1. Can you give me the P(r) profile for region B:130-249? Cα pairs, bins 5 angstrom wide beginning at 0, each as a whole percent.
2. Rounded to the nearest 10 degrees, what's the angle between the helix B:219-229 long axis and the longest principal axis of chain B, both from Cα atoms, 0 to 90?
3. Going by how many other beta carbons lie within 10 Å of each one, how would you line up B:249, B:32, fewest first?
4. What relative contact order, as a whole-number percentage, does chain A give when Cα pairs under 8 Å and 6 or more residues apart are counted?
5. Dividing the convex hull volume of the alpha carbon atoms of region B:27-114 by its residue count, what do you get in Å³ per residue?
6. Measuring from a point 7 Å past the Cα of residue B:208 along Cα-to-C-beta, which residues in region B:216-250 have an amide N at less than 14 Å?
7. Roughly how far apart, in whole Å, are the Cα centres of region A:45-84 and region B:82-146?
8. Just need log10 I(q)/I(0) for region B:1-59 at q = 0.16, 0.27 Å⁻¹, Debye formula, equal scatterers on the alpha-carbon atoms, no solvent, rounded to two decimals.
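We did not get these values from a lab; they are worked out from the coordinates using the rules stated. Being a predicted model, the structure only gives us computed values, none of them experimental. Cβ placement follows ideal geometry from the backbone for every residue including glycine, while neighbour counts extend to all protein chains displayed.
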């Protein structure tokens, strides 16, 4: 019985399909732990100084159209935060009157609602 | 020592194999980078590879639903093929009146393309009230003549004395097939599984005709729907192709040894 179980376990079908099932399970656990839909980042000006009161626009890019989904304003330290999004292909755009604008920047995610913590700040460079 | 060195043959075989792999590598490369076929200079390896086209495919259409539908239909087809083809294959190993005529009939039916019989097949499926159902999708490929002959060849390779001994021991014809012949015909079963799975998995025309509901569509239909929904998606389209190809490829690679053995059973006497 033990020998039979061992041979079944070392069978190439069991190993391949079992590995695939394990990978799928691990991926689903990872997704469940990281799909709160949080996007955080910082907005700075050309001199790398935080910009408060800048408007950050979150847009969704589907395969057909781009549509605005949410809008927020940066805090005094230049940080911003979106929560509860269910998107996987997004654009972030930010602007502030008199300081500048950063055109839409693309961010692609591996699953809907993936948390995104921007390491590089969004820079308001163009004053148009 | 062999009289002639073997390395030139191996070199040619490696070159031909590499040539054969080019289309597949091209599809894989495009799915990872979205590079156009006309990109210059051409490259073997993708530039800036990523998996986001696969994500696009997953969310652009109900991919998982299509995958489940394809798996259900293929499972039904594979089980039905093993069941019906083994019985038909066993029948063809026995002697009965007009056996040769029956074999000739089978062989001649192989010449008729499915497109010719599609209207009667549709009408029969409609009469059986199986339109827009999994069973309706599986029905025309539940038994295939090539696979019947694979079983026939495999059963004929088993010594007749074994079957006679089983019959003397009191086994019915049914039990002879299931307890004696099938356990000794693993390569024929593997061949049936692979061929039935691939035919069912890639079947486009028949599901297109009998499926009305989008929820019942299979992956090939999903691919055509994807093409109608999306215009500029070279990368996503190729990613879709890879996602459709992968299950069949994995199954073939897993069972290729038995598959080749199954196809060559009975090829040589002795």
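1. 2, 10, 15, 14, 14, 12, 9, 8, 6, 5, 3, 1, 1, 0
2. Around 20 degrees separate the two axes.
3. Values: B:249 13, B:32 22.
In order of increasing Cβ crowding within 10 Å: B:249, B:32.
4. Working: 257 pairs, mean separation 36.3, N = 128.
28 percent.
5. Numbers: hull volume 16.9 nm³, N = 88.
Spread over its residues, the Cα hull of region B:27-114 gives 192 Å³ apiece.
6. Inside the label zone: B:218-228.
7. Spelled out, the Cα-based centre of one part sits 62 Å from the other.
8. -0.64, -1.07
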